[in-house]
Amino acid sequence: MKAYLSGWESLCASSSALRFIDTNLRGIGQVMFQDNPLSGALFLAAIVWGSIAAGMPQVAICGVLAVVAATLTAQLLHVDETALRAGLYGFNGVLVGLALATFIEPGPLLWWYVVLGAAVSVVAMSATANALKPLGIPTLTFPFVLVTWLLLLATYGFAGLGADALPADDVISPYESFDPAQLGVGDFLQATLLSISQVFLKASVVAALLFLAGLAINSVAAAVAAVGGAFLAVVTAHLLGAESDLITGGLLGFSPVLTAVALGSVFHPPGWRVAAYAALGTIFTVVAQAAFNVALTPIAIPALTGPFVLVTWMFLLPRQSFNRAAPGSR
């Protein structure tokens, strides 16, 4: 892998076109914290597969359009070159594009709306990074959540943009109790995999496997954290009596997956204490996801990755160090 990346980096250094492609692929990979163009390529393949399988190819197209628009905007604004090349100005953009194309009806205005959202996500990224710098915590997907919420809410005031796919009262409702004993192994497996694929707003087992492959080639720890976080979220949600269809569709697990990856493999060195800390954060993200769903019902917009952002910030702010030995240990 190192030899491959070294060779690819040499090619990118000699070609501005390849460098641009590399930056965009890394932007897609950074949705799940992977600064690796091959991870980004596998993630993109998963997005394309999931979009076509769902009969919504425009979602994949908007995702690509958005990450390109975000990268171009970042270049025009002369952002930090190192951060730009690592894809840190593209991941929020691609998520904006995927979300808008998922919830808004296809049409000429959608493409312009996606470009607008992607461009503004770069501004929001820079603004959020500056605001959080004194706190020493990352922006995560907050720019995506903020920009997408505003753009989706605005569709209710624009006749040219329809958003029939937005959550309604019959989608996000008070949860009904469900007996986990009625679920089979297949149900748990599906829910676990779809929780991973829903990070990119996809409900596809094949896409989930491609996402896991993209994680594993760059970080086995991240792939393990994603699977563990998804499974823990599914079990937690069922034990708490959440609506089964939401769980098996991965709609209560995607934010916990991101929390598990962030806390368990990205911002802390892997270990049993880190795993316990990440598990606590993952379980609480399930609660936060349910809370966001209920709180946002009156304005009928999705929670997106808001629960992940809130909980991960909460768990990073204590600046808990896991590098030193615990009291009484050797």
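Only the coordinates and a few stated rules stand behind these numbers; no lab work does. In this text, all values refer to a predicted model and were calculated from it rather than measured experimentally. For neighbour counting, all protein chains shown are included, and Cβ atoms are generated from backbone atoms with ideal geometry for every residue, glycine included.
At-a-glance table
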read-out	value
Derived scalar couplings ³J(HN,Hα) [segment 291-307; Karplus, 6.51 cos²θ - 1.76 cosθ + 1.60; whole Hz; x for Gly, Pro]	5, 4, 4, 5, 5, 8, 3, x, 9, 6, 10, x, 5, 6, 9, x, x
Relative contact order of segment 183-321, pairs being alpha-carbon contacts under 8 Å that are 6 or more residues apart, as %	24
Nearest-20 debye value, the chain charge dipole, Cβ charges on Lys, Arg, Asp, Glu	1220
Estimated vicinal HN-Hα couplings, Hz - segment 229-239 in sequence order (Karplus 6.51, -1.76, 1.60; Gly, Pro = x)	x, 5, 5, 5, 5, 5, 5, 4, 4, 5, 5
In sequence order, calculated HN-Hα J values of segment 101-110 (Karplus, 6.51, -1.76, 1.60; Hz; x Gly/Pro)	6, 6, 9, 10, 4, x, x, x, 5, 4
Kirkwood hydrodynamic radius (C-alpha pairs) into Stokes-Einstein, segment 97-152, 10 °C and 1.306 mPa s, D in µm²/s	133
Packing-based ranking, highest mean first, of 38-51, 209-222 given that Cβ atoms within 10 Å are counted	38-51, 209-222
Of (1) 62, 57, 38; (2) 68, 36, 32; (3) 54, 46, 35, the label for Cα extents along the principal axes in Å derived from the coordinates	(1)
Segment Asp35-Ala13, length gained on full extension (0.36 nm per residue, minus Cα span)	6.2 nm
Value of Rg/Rh across segment 183-321 [Cα atoms, Kirkwood radius]	0.96
Sites Ile52 and Leu77, calculated FRET efficiency, Cβ-Cβ separation with R0 25 Å, nearest 0.05	0.15
